[in-house]
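See structure below.
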Amino acid sequence: MPTNNTMTESIKPLKTMTEWKLLEVHHEKIARRPLRDFFAADPERGEKLAIEAAGVYFDYSKHRVSEETIKLLADLAEASGLREKIEAMFTGEKINLTEGRAVLHTALRAPKNAAVVVDGENVVPHVHAVLERMAAFADKLRAAQWKGHTGKTIKNIVNIGIGGSDLGPVMAYEALKNYSPRWLTFRFVSNVDGTDFAEAVQGLDPEETLFIVASKTFTTQETMANAETARDWALKALKDKAAIARHFVAVSTNAAKVEDFGIDTANMFGFWDWVGGRYSMCSAIGLSTMIAIGPDNFRQLLAGAHEMDEHYRTAPFERNIPALMGLLGIWYNNFFGAQSVAVLPYEQYLKRFPAYLQQLAMESNGKRVTLDGRPVDYQTSQIYWGEPGTNGQHSFYQLIHQGTKLIPCDFIAFSRPAHKLGRHHDLLMANVFAQAEALAFGKTAEELKAEGVKDWLIPHKTFEGDRPSTTILLDELTPAALGRLVALYEHAVFTQGMIWQIGPFDQWGVELGKVLAGRIVPELEAKTEPDLKHDSSTNALIRRYRERR
Ligand code: F6P
């Protein structure tokens, strides 16, 4: 294990830390105190337990916490070395220990005059050089000046990628669709299931279509299979290998593999090993986003993220939005035993935000050993899930209100609508405020009785309340606002990883399945009956598939 690293500095096992034990004692004391009580005791709680910073209003008053809880959580963060670890990340220390890499998604949105040194080199000029090349390319496309092989204007952009090379870009495209020129069509292909490709190119003219092959490694099975199918699809119509140069560009860290595939490296936009896949939407992986919203808006997105980066780096933990979000997650996950977090955007354009967050949070913190290899004796990442409001209200909210599970919720909303349409926005906002209120305060048997509800119905109609939620309110869903939100969650995830003493930047857990699939492919494709050496279940499934396909 690498030494002399801020991450490995001797920190006591989490549950033996005084700060952890104090939280356990404190939890015993306040866990059963109703939110109604907290609010009654302090009429200003709703304003006191809210933070406004970096363009985000973060109301955490409807959490089962007192001011003392926040202090104790902040103490835990300090004692865990979070301050030093944030600094280590921002300054390019190789904090991704198992892969020996720096972690510098924050450098992707650093201003031109900043300096972040990795292996003796300032990476910021490289970041801006790529951004400028991306901007020149995006401007050409947006001005209808990028012509296909037969001279037709490119009107369709198809991003091929998976995981971080898909979820961030598709989420950002959907979120900011309203900023994109509608004569350009954007599609996203990720799944190795041929349906995904077939549907993505439905109705597209190959002469007017550009593929962005986005893959950090340029070896990912799904992306390579889709890229090869795209090449066949394009060449079938264009009938000339020279067409690749006008219809394919690549985003990758692996120039050699890009060349092997047949894409000219002049049409490649690079990034670096210090950008993790799920942290890459601010890098060249965001090329589709930049083409959709334009370089100036893309810079706004980066500026919004940078604003949140600076807030995270400098604000005291008790007033630090990402740190608090992470710590509140720990409070419920590790002290109340909550298993999941519902992310509920009251903005239809954010419909892919929960899916994007799933990779960010669960691929980062879904770990079972500490950085020095000890099995953890506490829970790590929560399960993230969610759907936009108000749709979710007519589906799974019943369980959040009256079910047996404790599910802390993140409500995300905007004061100004993307589309001013009659009363729609007031109705939407009334719902988000009402849901947080209902979850927190519920409805008592006494209140129901006073309303004349029959005795036998009272248990069914009672809402216990004390279901915690955060309301995250921004002014408007702009590129900068999206950047702020993304950085907020990135840093909340980092905060949790640091407290849990795990490594949030590797993903060894995805490897085994890839290796086994690689072994099974030739068995499925073999002309003669293969000699199967799996367990009896896998053998039988393979045989049945071969017989029946
Ligand atoms: O399999 C997981 C993963 O490595 C993710 O971490 C990553 O975002 C995704 O695959 C795609 O990887 P690449 O960009 O190298 O194709």
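For the reader, a short list of remarks on this structure follows.
- Any hit, segment 318-333, residues being outside any helix (DSSP H, G or I) and surrounded by fewer than 20 Cβ atoms within 10 Å (Cβ to Cβ): no
- Conditions (1) within 16 Å of the ligand (Cβ to nearest atom); (2) touching a Leu at 6+ places or on another chain (Cβ under 8 Å); (3) free of Cβ contacts under 8 Å to residues at least 40 places away in the same chain: number failed by VAL158: (3)
- Within segment 163-197, the set of residues being within 16 Å of the ligand (Cβ to nearest atom), in a loop (DSSP other than H, G, I, E, B) and surrounded by 22 or more Cβ atoms within 10 Å (Cβ to Cβ) comprises ASP166, SER190.
- With respect to the conditions (1) under 27 Å from PHE396 (Cα atoms); (2) more than 16 Å from the ligand (Cβ to nearest atom); (3) in contact with a helix residue (DSSP H, G or I) (Cβ under 6 Å, 6 or more places away or on another chain), GLN359 lacks only one, and its number is (2).
- With respect to the conditions (1) free of Cβ contacts under 8 Å to residues at least 24 places away in the same chain; (2) buried (at least 16 other Cβ atoms within 10 Å of the Cβ); (3) more than 19 Å from the chain's Cα centre (by Cα), MET362 falls short on a single one, namely (3).
- Number of residues in segment 495-543 that are in a helix (DSSP H, G or I) and either more than 16 Å from the ligand (Cβ to nearest atom) or in contact with a strand residue (DSSP E or B) (Cβ under 7 Å, 6 or more places away or on another chain) (or both) equals 20.
- Within the set THR314, THR289, the sole residue that is among the polar types (S, T, N, Q), at pLDDT 95 or above and either within 15 Å of the ligand (Cβ to nearest atom) or surrounded by 20 or more Cβ atoms within 10 Å (Cβ to Cβ) (or both) turns out to be THR289.
- Out of LEU457, LEU448, LEU541, sole residue that is modelled with pLDDT of 95 or more, among the hydrophobic types (A, V, I, L, M, F, W, C) and within 30 Å of ASP410 (Cβ to Cβ): LEU448
- Residues in segment 134-160 that are closer than 24 Å to THR106 by Cα and loosely packed, with under 15 Cβ neighbours inside 10 Å: 1 in all.
- Residue match in segment 278-286 (condition: part of a helix (DSSP H, G or I), within 13 Å of the ligand (Cβ to nearest atom) and aliphatic (A, V, I, L, M)): yes
- From the options ALA250, ALA284, ALA243, residue that is touching a residue at least 60 places away in the same chain (Cβ under 8 Å), under 27 Å from ALA107 (Cα atoms) and aliphatic (A, V, I, L, M): ALA284
- Any hit, segment 321-343, residues being within 16 Å of the ligand (Cβ to nearest atom), under 14 Å from the mean Cα position of the chain (by Cα) and within 16 Å of TYR489 (Cα to Cα): no
- Residue match in segment 55-66 (condition: over 25 Å from the mean Cα position of the chain (by Cα), buried (at least 19 other Cβ atoms within 10 Å of the Cβ), assigned to a loop (DSSP other than H, G, I, E, B) and at negative phi): yes
- Considered as a group, the residues in segment 96-122 that are out of contact with any Phe, Trp or Tyr (no Cβ under 7 Å at 6 or more places or on another chain) and of a type in the set (A, V, I, L, M) include one that is surrounded by the most Cβ atoms within 10 Å (Cβ to Cβ), and that residue is LEU108.
One line per residue, one yes/no per condition, for (1) free of Cβ contacts under 8 Å to residues at least 24 places away in the same chain; (2) of a type in the set (Asp, Glu):
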{"site": "ILE95", "(1), (2)": "no, no"}
{"site": "GLU99", "(1), (2)": "no, yes"}
{"site": "LEU108", "(1), (2)": "no, no"}
{"site": "PRO111", "(1), (2)": "no, no"}
{"site": "ASN122", "(1), (2)": "yes, no"}
{"site": "HIS126", "(1), (2)": "no, no"}
{"site": "ALA136", "(1), (2)": "yes, no"}
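- Selection status of LYS241, more than 28 Å from PHE271 (Cβ to Cβ) and more than 16 Å from the ligand (Cβ to nearest atom): no
- Boolean, LEU473 is modelled with pLDDT of 95 or more, in a helix (DSSP H, G or I) and more than 16 Å from the ligand (Cβ to nearest atom): no
- Residues of segment 211-221 that turn out to be more than 8 Å from the ligand (Cβ to nearest atom), surrounded by 21 or more Cβ atoms within 10 Å (Cβ to Cβ) and of a type outside the set (Val, Ile, Thr), as a count: 1
- Restricting PHE197, PHE211, PHE218 to those that are among the hydrophobic types (A, V, I, L, M, F, W, C), within 12 Å of ASN156 (Cβ to Cβ) and in contact with a strand residue (DSSP E or B) (Cβ under 7 Å, 6 or more places away or on another chain) reduces the list to PHE211.
The values are calculated or read from the model by the stated rules, or taken from the named source; none is laboratory data. If you're wondering where the values come from, they're calculated on a predicted model, not measured in any experiment. FYI the Cβ positions are ideal-geometry reconstructions off the backbone, even for glycines, and counts take in every protein chain you see.
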